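Throughout, read-outs are computed from the coordinates displayed, never taken from laboratory work. Computed from a predicted structure; not experimentally measured. For neighbour counting, all protein chains shown are included, and Cβ atoms are generated from backbone atoms with ideal geometry for every residue, glycine included.
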Amino acid sequence: MKRIYIVILIILLFAASGFAQDTGAMTAAPEAPPAGAMMMMADTAGPAMMSSGGKVEFTNLEAAQAFAAAGPAVLFFHASWCPTCKSAMRQLDARLHELGNITVVVVDYDSNAKLRRQYGVTYQHTYVQIDSEGGKIALWNGGDVDGILKNVVRGEM
């Protein structure tokens, strides 16, 4: 699982450094990635970005918004000391393939107080689905993969 974090970090660093250039449009529709995989996509609004699908560590809200622009993105406010969070994380890792194009962005509950206040998160093990502008679409507490699949809003947002 650490390899995926390294790959994502490298891609984000390239995008942030201006390495990825915006061509303005895609010449062909991208192929669907394998289950649980990530792929690069370009849109007319900016440089190449990740499509949704998978689990990533929170780096900043702008990166999370980029995932939300590509498909459903859920912030998972997780605490390393929380037994319920640990259990949810184990299940998430085991069942990641079931999420399809949903990206779960794991946010450290303890070090992101400003983000918690922004979304009204009052305790760990809280999920917040956001849109590409960072707006809150849905918020729920507890649950695991089944809870994500049940609560994520799909379609036009």
Environment charge at Lys86 (Cβ cut-off 12 Å; Lys +1, Arg +1, Asp -1, Glu -1): -1
Diffusion coefficient, µm² s⁻¹, Stokes-Einstein with Kirkwood Rh over alpha-carbon pairs of the stretch 52-151 at 25 °C and 0.890 mPa s: 188
For a quick check of your reading of the filter: which GluC sites (Glu not before Pro) in the stretch 59-152 sit in a DSSP loop and have no more than 10 other Cβ atoms within 10 Å? Glu133
Which of the peptides 81-94, 116-129 is most tightly packed, and how do the rest follow, going by the mean number of other Cβ atoms within 10 Å of each residue? 116-129, 81-94
